[in-house]
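Working notes, beginning with the structure itself.
We did not get these values from a lab; they are worked out from the coordinates using the rules stated. The model shown is predicted, which means the values in this text are computed figures rather than measured ones. Cβ placement follows ideal geometry from the backbone for every residue including glycine, while neighbour counts extend to all protein chains displayed.
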Amino acid sequence: MQSFEEFMSQQTPTKTDVVEIVSEAIENAITQKSQQIIEQTETIKEFQHKKEELNEAVEVAPTGYKIFRDKSENFICDMEISGANPANSRARIIIESKDLTYMFEGTIDAQGKCKIPLKKMNFLSENETGVIKLEVIADDTVFSPWEDNFVAVNSKRVSVKVFESVADDEPKIGVRLKSIR
């Protein structure tokens, strides 16, 4: 194969030389354009993947208080109780889902710190919603100072997205030795 300069320096190039040089130039142009197309396709796939992830995040993004299905937690809040002794008061969380109502009791210390242990809520479905309420019982009177919507979520998540399966068509190159002296 000759370079273009060699080709041009010849007095009379042969027909084979011309065909060979033009073929090589065409092949190089096709290879370069193919590589650009492959890179653009990969970039488009990456953007599509990121767009899908963002759409999923927007669709799945729950609103309200998050209740974890796969771990225990403590509901903690500070409250001010006047006209009654906080140490003699009780607190409870009521979780109302579509089908059932759950209640968890907790304590209030003398400084008004409320702590209610919540068990794993694996009996709720993923993304199930409902209402969560705090009730305080002070001197035999029930108060509902806080209420919010809740959504049941997992604290841990694994997701898999398979794009395509590609067969390994590259030849395997290897050397095998029978004996070494």
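Annotation: peptides 30-39, 108-117, ranked by per-residue average of other Cβ atoms within 10 Å with the highest first, follow the order 108-117, 30-39.
Dipole size in debye (nearest 20) for segment 65-153 around its Cα centre, Lys and Arg Cβ +1, Asp and Glu Cβ -1?
Values: 11 positive and 15 negative charges, 65 e Å.
So the dipole magnitude of segment 65-153 works out to roughly 320 debye.
Restricting segment 99-170 to chymotrypsin sites (Phe, Trp or Tyr not before Pro) that sit in a DSSP loop and have at most 11 other Cβ atoms within 10 Å of their own Cβ leaves Phe163. Applying both filters, DSSP loop and at most 13 other Cβ atoms within 10 Å, to the GluC sites (Glu not before Pro) of segment 62-119 gives Glu80. Straight-line reach from Lys66: taking Cα to Cα under 23 Å and skipping same-chain neighbours fewer than 8 places apart, the lysines in range are Lys98, Lys113, Lys115, Lys119, Lys120, Lys133, Lys156. Put in order of Cβ neighbour count within 10 Å, fewest first, the listed residues Glu20, Glu5, Glu46 become Glu5, Glu46, Glu20.
Using a cut-off of 23 Å between alpha-carbon atoms, which lysines can reach Lys45, once sequence neighbours fewer than 8 places away in the same chain are excluded? By straight Cα distance, Lys45 reaches Lys33, Lys161.
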